Structures are given as structure tokens and as C-alpha cells.
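The values are calculated or read from the model by the stated rules, or taken from the named source; none is laboratory data. Note that the coordinates shown come from a computational prediction; the quantities given were computed from them, not determined experimentally. FYI the Cβ positions are ideal-geometry reconstructions off the backbone, even for glycines, and counts take in every protein chain you see. Heads up: the accessible areas ignore ligands, DNA and RNA and are worked out on the full protein's heavy atoms, side chains in. Shrake-Rupley method; radii C 1.70, N 1.55, O 1.52, S 1.80 Å.
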Amino acid sequence: MDIYYSFACPLRYLVPSFPSFLFMKKSTAHFPLIPSIRYEGPRSANALAFKHYDPAEVIDGRTMKEHMRFSIAYWHAFRGVGSDPFGPGTINRPWEIGKDAVSIAKVRMDAAFEFFQKIEAPFWCFHDRDIAPEGKTLAESNKNLDQIVAHAKFLQKTTGIKLLWGTANLFSNPRFMCGASTNPDAHVFAYAAAQVKKALEATQELGGENYVFWGGREGYETLLNTNLKREQDHLARFLHMAVDYAKSIGFKGQFLIEPKPKEPTKHQYDFDVASGIAFLRTYGLDKHFKFNIETNHATLAGHTFQHEIEVAASQNMLGSIDANAGDLLLGWDTDQFNTDVRELTLAMISILKAGGLGTGGFNFDAKLRRASIDPADLFHAHIGGMDAYALGFKLARRILAEGKFEQFVSERYSSFDSGYGKDIESGKANFKSLEKLVLTKLGEPTPKSGKQEYLENMLMQYLHG
Ligand code: XLS
Ligand code: NI
Ligand code: NI
């Protein structure tokens, strides 16, 4: 038990009905030793200060807070306890005690909103089962969720913090062990449908700007027991039902698919952005969905983060970002905070070129390492993530403003701007016309350097002066 616990463990944790509004406006009840995080600039020695993310800084007529649209992932920041397959949780938060699961959930949410405020994050995200305990029946679970959603609505109103997206947890409960909408049992499909219906209502009630589908367990372990075609058809049917229901209740948020190639199943149907696009187009869903791209999922799929962004942006389907990083030495979703400014600058270049994220944002789908047990660690982690993204954003803006890479790329393709190159792009040219051209006029092409090292050095200069 460290010093934070002794400070933050007064009577209110034992009195579940303690009225949260008494301390919510500018609460410091749950993280008493940690002040609101302020921008102090790159030279600050204060570990609990931003070095690059100044929420109030105005760039192009918008504050950095508005540009970055940072969001906190409730499941990691407030439900993550540091457990792994080899051992239980290591992280004990003082508010995790109380009369019953719903009262604990309310106090936990008070703590979460204090954190959102102190870390200057304008948004948060949740799964239904992160915020409210699952009951013995669906009706009981729905009742629990209603109570917590009402509390969240109150806290959102008091603090001005908004919901970036909501989603349903269709992967933890044993009933989903063989998938949710891709389960071979129609009963499980029906249960998942009922759960998403409720999660959509909760997201709408909280003004969620998006709704996410991540296909945890929507895949298979072995084809010996799996009808792949039927499962994909069922997944598409499920998404159509979601689109129809959203329309019927007037939910205006953007639907997002979050691709991931594997984990928990060996093969997930929403493997990566390219296969996601093919799936959505095959089933007539592409008008209704964009992508929520997660850094670690990109690398698990054998791609770079920037690649996934470019593929989505090329089809005007870039929606939002789950901001984290994997460990290339480990083959699973380690969900670490990302401080790799080079990777983030490259990603930001692609995001800015695509015109930004619209209703999306940067959601820290990232968790503390198992040994990072202090409340302060939660702050250090997010400060680093926010600073790295803000720095990446600023560097990308400078790089794009100077336009050197873009100029290089457009010159590299300039043979398609006129003459027979233009005819190729417009569809005027064909095999016969091109053959004639080569035989009579063009002859052998002259190889031109791709200048990769020259460009990498130029990037290094932007990053490190
Ligand atoms: C898991 C996913 C998950 C989604 C939301 O790997 O990243 O956390 O973001 O269900
Ligand atoms: Ni995610
Ligand atoms: Ni993930």
C-alpha cells in the first residue's frame, strides 16, 4: 500500500451513496496528490507537466485540444488491473470497495472523470461492461447499465467531457467463446444483437460521436469446425441490423470497424483495413462504416500504422485512431503507450493529408505495464502519449507546409500528368496503343532513383534538427 492509498482512502469509499456532485465540479478527491496537468514547455523538468501538448495553443484557428481530440479508454485506465496469463492484478485502486458492484461502478466513474479533467482529455470511450457490472440476466445487466449511464450523463454535463465512442463487450463472457455474431449458435447471435441494441442506446444517450465494432472472437480457431462463408454472412447481417436500428432511433454517430488480424482468435474476419474494405463492399456496408485504426493491430497484421491509415484514407474511410503501440518482439496486443515520435509524425502526415479524423479522435487504447502500480503512473503514461502525438502533429504540419516530400512524390509521378501517361490514367490508352508507342517512339525506359536514403535523412533533419 503506498502513500496515495492512505491519502485517498477516506470514508467516502465505504459510503456508496456519498453524493458525487459535492466534489465533482473540480474534484481532487481520488487523485489528491496529483494536480491538474499543465503545459510547461519542452524544457520543463516537471514530470507531471506537458512538454509539447498545450491544450490552449491555437493553431490554424483551433486549439490543440480541438485538433487532437484525445480520448481516454475506460477499460484500460479504470478497469485494467495489470493481470496477465501468469498472474493476477497488481494494481489496486482505493475506490474499488463498496456495498455492491453498481455503487463501486459509480465511485469508479467519479474517479475516472476527475482523471479526464486533470489530464485535459476532452473525450472518453467505453464498452458497456466496463462501466456497469453484468447482471445475472440481460434485464439485470440493462438495468445496471441504465443507472451508470445516468451517472455518466450527469458527470459529462458537469465536466464538459464528451463521449468519443461506445461499444459492446462481446468477447469476455463465456457465452461468446465461439464468437458473437459469428457464433454457430443462433441463440448467441440473438443475445449479442440484444446487447448491441442496448449499447447503441447508451451511446446515443451520452451523445457518442461514433460507435465501434471490434470483432473480438469474430473469427475462428480451426476450419475443422467452422463454416467460414456462413460466419461472414452472419457478421454482415449483424452489422446491417445495427445500421438499421441506429437509423430507427435517430443515432447520428459514425459507425467504425476496428480491424485486428488475430487475438483472441487465430484468424479474425476484420483482419486489416484492406480486407475490411473488401468485406464492407461485398456486403453493401461501405457507405455506413469507416475505420478505427489501432497502431498495435496494424503491426500485428504485418503493416505499419501509416500503411493502415493510407489505405483507409485512400477510400475516404479514415475514421478514428486507437492510439497505442505494440512490442515488435512480442506477438500479441501489448497495448503500450506510444512515444515513438518518428512513427507518429509519419502517421500524422497521412492523417493531415487526408483532412483529419472528422468525428474521430485519438483514443488511448493503451495500458500501464504490470509493475506500474502508482496512480501517478496513469498520468505519466497519458502525458507521454499526448506529448508524442502533439509533437508528431506539429512536425507533420511543418513538413507538409514546406512540402518537400510531397513535391518529390508528385515529381516522381509527373509522367502521368500529360501525354500518354495521362491517357493511361484517363482510360484512353490500351495495350495496343502502348505497344505501338514503345516500339515506334519510346524504346527502353531510363531508370530513376527512388532516393529513399536521401528522403530518410531529410526526415531525420525535421525530427532532430
Ligand atoms: C482489442 C481492441 C479493443 C477495442 C474495443 O484489441 O483494441 O480494445 O478497441 O473493443
Ligand atoms: Ni482498440
Ligand atoms: Ni487492441
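Just a few scattered comments:
- For Y420, the solvent-accessible surface with a 1.4 Å probe is about 100 Å², rounded to the nearest 10.
- Close amide H contacts of G319 (hydrogens built in the peptide plane, cut-off under 5 Å, sequence separation of 5 or more or a different chain): F291, I293.
- Candidate aspartates and glutamates - alpha carbon under 17 Å from K247, same-chain residues fewer than 8 apart omitted: E201, E205, E209, D286
- Cα gyration tensor category, rounded, prolate or oblate, for the range 169-315 with a/c compared to 1.5: oblate
- Using the Cβ-Cβ distance between E140 and K451 with R0 set to 60 Å, the FRET efficiency works out to roughly 0.40.
- Straight-distance crosslink candidates among aspartates and glutamates, where the alpha carbon sits under 17 Å from K404 and sequence neighbours closer than 8 are dropped: E453, E456
- Against the chain, whose longest principal axis is taken from its Cα atoms, helix 186-205 shows a tilt of about 80°.
- FRET E, pair R175, F154, Förster distance 45 Å, beta-carbon r, rounded to 0.05: 0.90
- Between A101 and V409, the contour length at 0.36 nm per residue exceeds the alpha carbon distance by 105.2 nm.
- Straight Cα distances below 29 angstrom link K118 to the lysines K25, K26, K51, K65, K99, K106, K153, K157, K162, K367, K394, with same-chain residues fewer than 8 positions distant left out.
- Note on M458 and D84: the extension gain reaches 130.5 nm, defined as 0.36 nm multiplied by sequence separation minus the Cα-Cα distance.
- Estimated 222 nm signal from helices in the chain, with DSSP H stretches of n ≥ 4 weighted -39500 (n - 2.57), rounded to 500: -14000 deg cm²/dmol
- Long pairs among K198/K266; K260/K290; K262/K353, criterion Cα-Cα beyond 18 Å: K198/K266; K262/K353
- Computed accessible area, H267, all protein chains, 1.4 angstrom probe, square angstrom: 70
- Out of every Cα-Cα pair that the range 408-465 contains, those further apart than 16 angstrom amount to 61 percent.
- Crossing angle, helix 273-282 versus the chain [Cα axis fit, 0-90 degrees, rounded to tens]: 90
- The accessible surface of the chain, taken with every protein chain in place and a 1.4 Å probe, is 56 percent carbon and sulfur.
- Put simply, when 401-410, 377-386 are sorted by average Cβ atoms within 10 angstrom per residue, most first, you get 377-386, 401-410.
- Isotropically averaged projected area of the chain, using the convex hull of Cα atoms (one quarter of hull area), nm²: 26.5
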